[in-house]
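Structure first, commentary second.
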Amino acid sequence: MLNVLVVDDDQAQRLSVRSALESSKKFKVEEAFDGTNALEKINATTTAGRQYDIIILDVDMPRLNGLETLKKIKEIDPGIIVLMLTAHATVEVAVQAVRDGAYNFLSKPITSEELIDLIDKAITAHTLISTLAVSSPVFVDEGRKIIGNTSQMQKVFNVIHKLAKVETPVLIRGASGTGKELVAKAIHFNSSRKDGKFVAINCSAIPENLFESELFGHEKGSFTGASERKIGKFQYADGGTLFLDEVGDMPQLMQVKILRVLQEKMFTPVGSNREISSNVRIIAATNRPLEEMMKDGRFREDLFYRLNVVPIYLPQLADRKDDLEVLINIFVKKFNTVHNKKIAGVSKDALTVLKKYGWPGNIRELENVIEHAFVLESGNTIGLGSLPEGILEAVGVNLVETMEQIQSQSESLKSSAQVLSDEEFDSENGLDVDSDSDLDLGGDDESIEINMGVATSGALDFNAQKEEFEKQFIIKALKTFKGRINQTALHANIPKKTLLRKIEKYGIVAKEYAETKN
Ligand SMILES: Nc1ncnc2c1ncn2[C@@H]1O[C@H](COP(=O)(O)OP(=O)(O)OP(=O)(O)O)[C@@H](O)[C@H]1O
Ligand SMILES: [Mg+2]
């Protein structure tokens, strides 16, 4: 028996919730007539060593309102599950309540089944989260592991392990590239459904008029262009997991239909009068602010609460930079295989830059940057020169200061007759970076000092130096991509127009590099 306290100033409402709960014979119900009365009862039971498991709390009440009561309850015992129930739900209040620790927010009127169903879910989620074990690594599928040693990721792993054991819907939240799809796969492949299919559907990529048919299938001739009968994703994924990616972009009408499948586990193909049952676990993901979208009606509240049984929040890479090195090592290993190279790792300088960068595109961006560097790098360590220009710029690698510094070094070298000959310089290709040099990231202007080869002619002219650098860089990139303009522009991170302009300016003939090897 679970102990429930129903808090409402409206006696009729208390009674209706009470009888709904008592009909299921799973709950022992007590009542409180407002917030203050509820706190008195909670304090009394806590001192008596007995506890309420669940509190169902009205929002509008005299003396102490629901939100204030919620805060106080959480101070007394953060472990009590609180469900807010109100006739006048505003999304602001709902969002605030959930932030303050309420498990969910329900609108009156609510049927007994709905109420009991939500309580069951709350208990499942609560037990899951409160009995977190020491986490072990999460394998997505054979050989693929989710990387993360930071405490934020350890929490995520814990929840994944627990979620793999139950059937509840999951809502994965996180910015672009934080690993939402990877986590969805991890839940599927660690669950009892792992032998079923993992079917992903990107809700932002499907035209609205095809959505329904894509999910539920259609009968032959049910609309123009439907020349064959087609099975929808819900049927295709039967026995497995359906991943609704970018669920925040799902058209409104589809939101209603999905809600129905979630509730009834049945759907009807377009143009058909047969109902089909489907045994599919739903995992949804989004990087959209669903709370805001609910406010202006773009995302349905009822669907949100259905999906949000156990939410997972994936941290931004910038908030877990301690994982950066291990992620880099994983990607280096991966691309060594893909590109058949033997790169040992990232130079100290490059690592310092990568650690300083903000990673708006998160792990996906990191993966792309490492691949980009793999393609450009001709040595056995990824140096600064192989990192995309955008990243160097973003972290403030200061070319002006670097050039000045190098010039003064080169002046002093000249005076001691140790300057590079032109020939030696050419062989350096103007790009090589001393990977052992220390980076100075301190300093007031947060600039990074790097060493790079420079033109010996025009040694005191900044523009001449910069141009020589650009020219050599473009030549090197063109060689790497066999003179192909589009590829060079893409991987060297130069807008195509700029690249073409510079090629013309420096009199470079791209074709000459069509067959050269670097
Ligand atoms: N923790 C991790 N360990 C290893 N690789 C990861 C991790 N997180 C993400 N990745 C890799 O980063 C890339 C992006 O991950 P994923 O596609 O899951 O992100 P996403 O959140 O779905 O991104 P988007 O919002 O852009 O769709 C994938 O190649 C994935 O394998
Ligand atoms: Mg994704």
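Collect the residues in region 177-199 that are within 16 Å of ligand 2 (Cβ to nearest atom), among the small types (G, A, S) and part of a loop (DSSP other than H, G, I, E, B), keeping them in residue-number order. G177, G179 - these are the residues of region 177-199 that are within 16 Å of ligand 2 (Cβ to nearest atom), among the small types (G, A, S) and part of a loop (DSSP other than H, G, I, E, B). Take K162 and tell me if it is under 22 Å from the mean Cα position of the chain (by Cα) and within 16 Å of ligand 2 (Cβ to nearest atom). No; evaluated as a whole, the condition is false for this residue.
Residues in region 485-504 that are in contact (Cβ under 8 Å) with a residue 12 or more places away in the chain and out of contact with any Phe, Trp or Tyr (no Cβ under 7 Å at 6 or more places or on another chain): I485, A492, N493, I494, L499, L500, K502, I503. Number of residues in region 209-267 that are closer than 28 Å to L182 by Cβ and in a helix (DSSP H, G or I): the value is 19. For the residues A285, A318, the requirement of being of a type in the set (A, V, I, L, M), within 16 Å of ligand 2 (Cβ to nearest atom) and modelled with pLDDT of 90 or more singles out A285. Remark: pairs (first residue in region 260-286, over 20 Å from G196 (Cβ atoms) and in contact (Cβ under 8 Å) with a residue 12 or more places away in the chain; second residue within 16 Å of ligand 1 (Cβ to nearest atom) and not in a loop (DSSP other than H, G, I, E, B); Cβ separation under 6 Å; 6+ apart in sequence or on different chains) = T286/V247; T286/G248.
Selection within region 43-83: residues that are of a type in the set (A, V, I, L, M) and in contact with a Gly (Cβ under 6 Å, 6 or more places away or on another chain). The member of this set that is surrounded by the fewest Cβ atoms within 10 Å (Cβ to Cβ) is L64.
With respect to the conditions (1) touching a Pro at 6+ places or on another chain (Cβ under 7 Å); (2) away from ligand 1 (no atom under 16 Å from the Cβ); (3) closer than 30 Å to R320 by Cα, R173 falls short on a single one, namely (2).
Selection of region 263-277 for residues being touching a helix residue (DSSP H, G or I) at 6+ places or on another chain (Cβ under 8 Å) and modelled with pLDDT under 90 yields only Q263. The set of residues in region 239-256 being surrounded by 17 or more Cβ atoms within 10 Å (Cβ to Cβ) and either within 20 Å of E167 (Cα to Cα) or modelled with pLDDT under 85 (or both) consists of G240, T241, L242, F243, L244, D245, V247.
Residue selection: I363 satisfies the criterion of being buried (at least 18 other Cβ atoms within 10 Å of the Cβ), out of contact with any strand residue (DSSP E or B) (no Cβ under 7 Å at 6 or more places or on another chain) and outside the structural domain of G248 (by TED's automatic domain parsing). Among residues of region 245-257 that are over 18 Å from N308 (Cβ atoms), those with a beta-carbon under 7 Å from a residue that is part of a helix (DSSP H, G or I) at least six positions away or on a different chain give the pairs P251/E208; P251/F211; K257/E212. Close Cβ contacts (under 6 Å, 6 or more residues apart or on different chains) running from residues in region 326-345 that are more than 9 Å from F374 (Cβ to Cβ) to residues that are modelled with pLDDT under 90 and within 11 Å of ligand 1 (Cβ to nearest atom) comprise V326/I147; L327/I147; I330/I147.
The values are calculated or read from the model by the stated rules, or taken from the named source; none is laboratory data. Keep in mind that this is a model prediction, so the values were computed, not measured. For neighbour counting, all protein chains shown are included, and Cβ atoms are generated from backbone atoms with ideal geometry for every residue, glycine included.
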